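Chemist: Quick one: the structure is below, and I'll ask about it shortly.
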Amino acid sequence: MLKSSAKMDLRNTKVLVVDDNVHALDLIVSILNGFRIKDAVVSRGGEEAREFISKQPFDLIILDAEMPQEDGFSLLKYTRT
């Protein structure tokens, strides 16, 4: 059991956030900063996200389910193949 004084330290976690809404991206990155994740990679669409995914592995990918060009579900399917 975690003590109440224990903090999650996710400094070394590699995160990709994909959302077409810039305000949502800012909010999610702020939340991640609260978990000490300082270098989250952000993408405004599926095509750019695919480029990031092909160049480096991520521990966590946060996807918007409904984006204009490519939805998060098809991008998720791409990441699993």
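Chemist: Given a 1.4 Å probe and every protein chain left where it sits, what share in percent of the accessible area of segment 17-81 is carbon and sulfur?
Modeler: On the way: 2350 of 4430 Å².
C and S fraction of accessible area: 53 percent.
Chemist: Another question, then. Using helices alone, what [θ] at 222 nm do you get for the chain, with -39,500 (n - 2.57) per DSSP H run of 4 or more residues, divided over all residues and rounded to the nearest 500?
Modeler: Theoretical 222 nm ellipticity from helices: -12000 deg cm²/dmol.
Chemist: Please give the net charge around Tyr78, taking every other residue with its beta carbon less than 15 angstrom from that of Tyr78, where Lys and Arg add +1 and Asp and Glu add -1.
Modeler: Net charge around Tyr78: -2.
Chemist: Around Glu48, what is the net charge, scoring Lys/Arg as +1 and Asp/Glu as -1 over all other residues with Cβ under 14 Å from its Cβ?
Modeler: Values: positive: Arg44, Arg50, Lys55; negative: Asp19, Asp20, Glu47, Glu51, Asp64, Glu70.
The answer is -3.
Chemist: Find how much the distance from Lys55 to Asn33 grows on full extension, using 0.36 nm per residue of separation minus their present alpha carbon separation; answer in nm with one decimal.
Modeler: Contour length minus the Cα-Cα distance gives 5.6 nm.
Chemist: Provide Arg44, Arg50, Arg80 ordered by accessible surface of protein heavy atoms (probe 1.4 Å), highest first.
Modeler: On the way: Arg44 135, Arg50 75, Arg80 190 Å².
So the residues, ranked largest to smallest area, are Arg80, Arg44, Arg50.
Chemist: Before I look further, what does the chain give for accessible area per residue, probe 1.4 Å, in whole square angstrom?
Modeler: Details: 6050 Å² over 81 residues.
On a per-residue basis, 75 Å².
Chemist: Something else: Please go through the chain and write out the GluC sites (Glu not before Pro) that DSSP classes as loop and that have at most 14 other C-beta atoms within 10 Å.
Modeler: Details: sites: Glu47, Glu48, Glu51, Glu66, Glu70; in loops: Glu66, Glu70.
Here the sparse-neighbourhood loop sites are Glu66.
Chemist: What does the charge add up to near Leu25, with Lys and Arg as +1, Asp and Glu as -1, over the other residues with Cβ less than 13 Å from its Cβ? If you can, show how the numbers build up before the last one.
Modeler: Numbers: positive: Arg44; negative: Asp19, Asp20, Asp26, Glu48, Asp64.
Once positives and negatives cancel, what remains is -4.
Chemist: Enumerate the aspartates and glutamates that Lys38 could reach by cross-link, defined here as Cα to Cα under 16 Å, with residues fewer than 8 away along the same chain left out.
Modeler: Filter leaves Asp9, Asp26, Asp59.
The values are calculated or read from the model by the stated rules, or taken from the named source; none is laboratory data. Keep in mind it's a predicted model, so treat the numbers as computed, not measured. Note that we place each Cβ from the backbone using ideal geometry, even for glycine, and neighbour counts take in every protein chain shown. What goes into the accessible areas is simple: the full protein's heavy atoms, side chains included, and nothing from ligands, DNA or RNA. Shrake-Rupley method; radii C 1.70, N 1.55, O 1.52, S 1.80 Å.
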